[in-house]
Amino acid sequence: MKQLSNVIRSFLLTVIVSFTFPVILVSSLLVMCLAISYFPGLETIGKVGLSQILTFLGIFGAGSVFRGIIVIGLTIALVGGWFDLYALYRGRQFKQFDSKNY
């Protein structure tokens, strides 16, 4: 039972971290582009970057920026969870392989 709780804890931690990392990354890119747009001479670069990121997120979110961030976060969280389960599976295979005496 302890092994099952360790597996679930590892899986949930991986999914949570895999979800929050892209959300924070995309949000920080949005904030950086918004901050750059306030500097004289760099405002066009900031506005173009901001519009490009918003267009990119709108594509994934069916027109909604917030939904686009959530879709990207959930997709990466799913892949991270699958990778964690795969690594667990392979680790157990290697433990069984090492325990055999040849």
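The values are calculated or read from the model by the stated rules, or taken from the named source; none is laboratory data. Because the structure is a prediction, the values reported are computed rather than measured. All Cβ positions, glycine included, derive from the backbone under ideal geometry; neighbour counts span all protein chains shown.
Considering Ser18, Ser10, Ser27, Ser51, the condition of being touching a residue at least 40 places away in the same chain (Cβ under 8 Å), over 29 Å from Gly91 (Cβ atoms) and assigned to a helix (DSSP H, G or I) is satisfied by Ser27 alone.
Looking only at the stretch 27-50, decide whether some residue is loosely packed, with under 11 Cβ neighbours inside 10 Å, among the polar types (S, T, N, Q) and out of contact with any Gly (no Cβ under 9 Å at 6 or more places or on another chain). Yes. The single condition among (1) surrounded by 11 or more Cβ atoms within 10 Å (Cβ to Cβ); (2) at pLDDT below 95; (3) of a type in the set (Ser, Thr, Tyr) that Ser5 does not satisfy is (1). Residue count for the stretch 27-58 satisfying the condition of being β-branched (Val, Ile, Thr) and under 24 Å from Val17 (Cα atoms): 2.
Can you tell me which residues in the stretch 60-70 are in a helix (DSSP H, G or I) and touching a helix residue (DSSP H, G or I) at 6+ places or on another chain (Cβ under 7 Å)? Please lay out each step first, then the result.
As a first pass, look at the stretch 60-70 and keep what is in a helix (DSSP H, G or I): 60, 65-70.
Within the stretch 60-70, Phe60, Val65, Gly68, Ile69 meet the criteria.
Comparison of Gly81, Gly73 shows that the only residue that is within 20 Å of Phe11 (Cβ to Cβ), in a helix (DSSP H, G or I) and touching a residue at least 60 places away in the same chain (Cβ under 8 Å) is Gly81.
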